[in-house]
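Heads up: the structure comes next, in structure tokens.
The values are calculated or read from the model by the stated rules, or taken from the named source; none is laboratory data. None of the values given here were measured: they were computed from a predicted structure. Heads up, the Cβs are rebuilt from the backbone with ideal geometry, glycines too, and the neighbour counts pull from every protein chain shown. Side chains are part of the model used for accessible areas, which takes the heavy atoms of the whole protein and leaves out ligands, DNA and RNA. Shrake-Rupley method; radii C 1.70, N 1.55, O 1.52, S 1.80 Å.
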Amino acid sequence: MPKVYDRAYFDKWYRHPDHAVGSPAELRRKVAMVVGQAEYYLGRTVRSVLDVGCGEATWRAPLRALRPGIHYQGLDASEYAVARYGRRRNIGLARFGQLQYLRFDRRFDVIVCTDVLHYLKPAEIRAGLVGIGDMLEGVAFLEVFTSKDGVAGDLEGFHARAPAWYLKAFSEAGLMPCGSHCYLGPRLERRVAALERAQLPA
């Protein structure tokens, strides 16, 4: 049976003390890191964020605490999350692969996609990355775990790919790694020194 991202799923993996793999404090540090990276490279305050596979939009509150005027757009494939929080938290219904064609009236200073890609098939990943490369003004935070990582949490449907597989797919979309799951968009290429990139060609 296909995996269902309903209320029971979010209760188990995001709230239950026996299963949740993150904490609110950890999330706040992560959000602050990503905003800092993006503002360093953009040379200005972050104004817009696209959160792909956002679930219940847990990034929204810490982002708004840091930057109260920020524009937050969430996307998720969970009908439950969109029905419950879509209007209040600005979440639209979409799968990752639909980013190949889905566009908005702006580019985004930050694009977030956390704990999603390692559950998807290669064709959907490559399709969605086309949209990320096109819509990204600053930094993408693509939190992915690989065959080299000790993975905890939801392992149903997890694909343990090699790190090199993701780096190749990201590079083909014009995304340049700069460390800690952060990737610079194609529009920043001329502003980046060679040693700022986390992975250099041999």
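Numbers below:
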| read-out | value |
| --- | --- |
| FRET E, pair Arg88, Arg44, Förster distance 35 Å, beta-carbon r, rounded to 0.05 | 0.80 |
| Cα-based Rg of segment 35-155 normalised by 2.2 N^0.38 Å, two decimals | 1.04 |
| Length gained when the stretch Phe158-Ser171 is fully extended (0.36 nm per residue, less Cα-Cα span) | 2.5 nm |
| Accessible surface, the chain, averaged per residue in Å² (probe 1.4 Å) | 53 |
| Sulfur and carbon atoms: percent of accessible area, the chain [1.4 Å] | 53 |
| Hull volume in cubic angstrom per residue (convex hull over the Cα atoms of segment 64-130) | 112 |
| Ranking by accessible area, most exposed first, for Arg190, Arg197, Arg29 with a 1.4 Å probe | Arg190, Arg29, Arg197 |
| Viscosity 0.890 mPa s, temperature 25 °C, Stokes-Einstein D of segment 21-86 from Kirkwood C-alpha radius, µm²/s | 195 |
| Of all DSSP beta bridges in segment 86-202, antiparallel share, percent nearest 5 | 50 |
| Principal axis box of segment 85-202, alpha-carbon based, largest edge first, Å | 44, 36, 24 |
| Size of electric dipole in segment 125-187: Cβ of Lys, Arg +1 and of Asp, Glu -1, about Cα centre, debye, nearest 20 | 240 |
| Most mobile of Ala160, Ala94, Ala57 in a GNM of the chain (Cα contacts under 10 Å) | Ala160 |
| Equivalent ellipsoid semi-axes - Cα gyration tensor, the chain, angstrom | 25, 20, 17 |
| Expected 222 nm ellipticity per residue - DSSP helices of 4 or more, -39500 (n - 2.57), all of the chain, to 500 | -9500 deg cm²/dmol |
| Phi to ³J(HN,Hα) by Karplus 6.51 cos²θ - 1.76 cosθ + 1.60 over segment 128-138, Hz, x for Gly, Pro | x, 5, 4, x, 4, x, 6, 8, 8, 8, x |
| Computed magnitude of the charge dipole of segment 12-150 (debye, nearest 20; Cβ of K, R +1, Cβ of D, E -1) | 380 |
| Among Gln73, Ile125, Ala162 the positive-end extreme of the charge dipole of segment 46-202 (Cβ point charges) | Gln73 |
| Cut-off under 5 Å, modelled amide H: who pairs with Ile111 long-range | Leu50, Val139, Ala140, Phe141 |
